[in-house]
Ligand code: PBG
């Protein structure tokens, strides 16, 4: 015997709360605001350079003398923080990424320029060596392996130089074991107890980083992949283990990367630890949206906002996104 819809639902009608915009607004559990945005920017050598990136339509690389105006714009848009990456000239790259220890390298110069131009914007630097190695790996590469402990020593030293240049938060995106503790200790001994640390806790060996490699110039340098140090996309419990270590070692914030394919990991980490948890909407995610929008397959602004709101719903406190300035403009009306 068939039951009527009314017998099945009884008095419960979920659609009552969705009838009008005003009640959808009342029922809304999560909101996206400019306060949730961190803007990753790409730097390059030279002066007065602003070059578009082919695989990241709408994203540019800026020379250091041009980054101040971008930071000021971010500040005016209400974007809380900027994360810096760079395309470092080949002649400055080597096997061990020694340029990371140059106090006047492009990243440290950019930190000063951003701080000068926009003192209210937080600066997040990264100690990973991929910007400075001639093989594009994130650590020191020797005899076919990425050497962990020697890399960690280098990262710790670099973190002090980045703090000295004015970085508010030093991040570590290279997934070496023990790095968060070493970085914390190094910062503390150098008198930077209040400089924050961000751990790229669950960074996966992902195909979604493709376009980033164009942006930082490692496309043709990188041989092999990063599977011996980044996490396996098949794993989830392992992210909990990683987060436990990073937090125990003193990390102030943790991060999941990439973002959208890993929303389940964000939720698990937030539920498990309740610490500030960031997500990185990586280059490939940006490119997918832009490419589909370009073809007319997706509504660009709508999916941009939806993709970012979904990070909030999953439990992220903030999102690194190349869409940051655009989204801030949209949100500010
Ligand atoms: C490596 C690093 C990567 C990204 C930022 N830093 C990944 C990689 O090179 O393997 C990717 C960011 C993106 O795709 O947007 N330290």
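Computed from the coordinates by the stated procedures, all read-outs in this text should not be read as laboratory data. This one's a predicted model, so the numbers in the text were calculated from it and none came from an experiment. Cβ atoms come from the backbone with ideal geometry, glycine included; neighbour counts cover every protein chain shown.
Here, the stretch 265-326 has an Rg and a Dmax of 12.9, 41 Å when only alpha carbons are counted. Computed with the Debye formula from one identical point scatterer per Cα of the stretch 1-68, without solvent, the log10 of I(q)/I(0) at q = 0.13, 0.22, 0.26, 0.29 Å⁻¹ comes to -0.65, -0.97, -1.11, -1.18.
Any number yet on Rg/Rh for the chain, C-alpha, Kirkwood?
Numbers: Rg = 21.1 Å, Rh = 20.8 Å.
Computed over Cα atoms, the ratio is 1.02.
Can you pull a Stokes-Einstein diffusion coefficient for the stretch 153-283 at 10 °C (1.306 mPa s), Rh from Kirkwood over Cα pairs, as a whole number of µm²/s? For these conditions, the coefficient is 104 µm²/s. A simple spin-label model places the labels of residue 9 and residue 116 6.4 nm from each other, with each point 7 Å out along Cα-to-Cβ.
How big is the Cα convex hull of the stretch 1-125 in projection, averaged over all directions, in nm²? Mean projected area of the Cα convex hull: 14.8 nm².
What Kirkwood Rh does the stretch 108-230 have if only Cα atoms enter the pairwise 1/r average? Answer in Å.
Value: 15.0 Å, from the Cα pair sum.
Taking other C-beta atoms within 10 angstrom as a stand-in for reagent exposure, 53, 26, 43 fall in the order 26, 53, 43, fewest first. Our compactness index for the stretch 66-122, the C-alpha radius of gyration over the empirical 2.2 N^0.38 Å, is 1.28.
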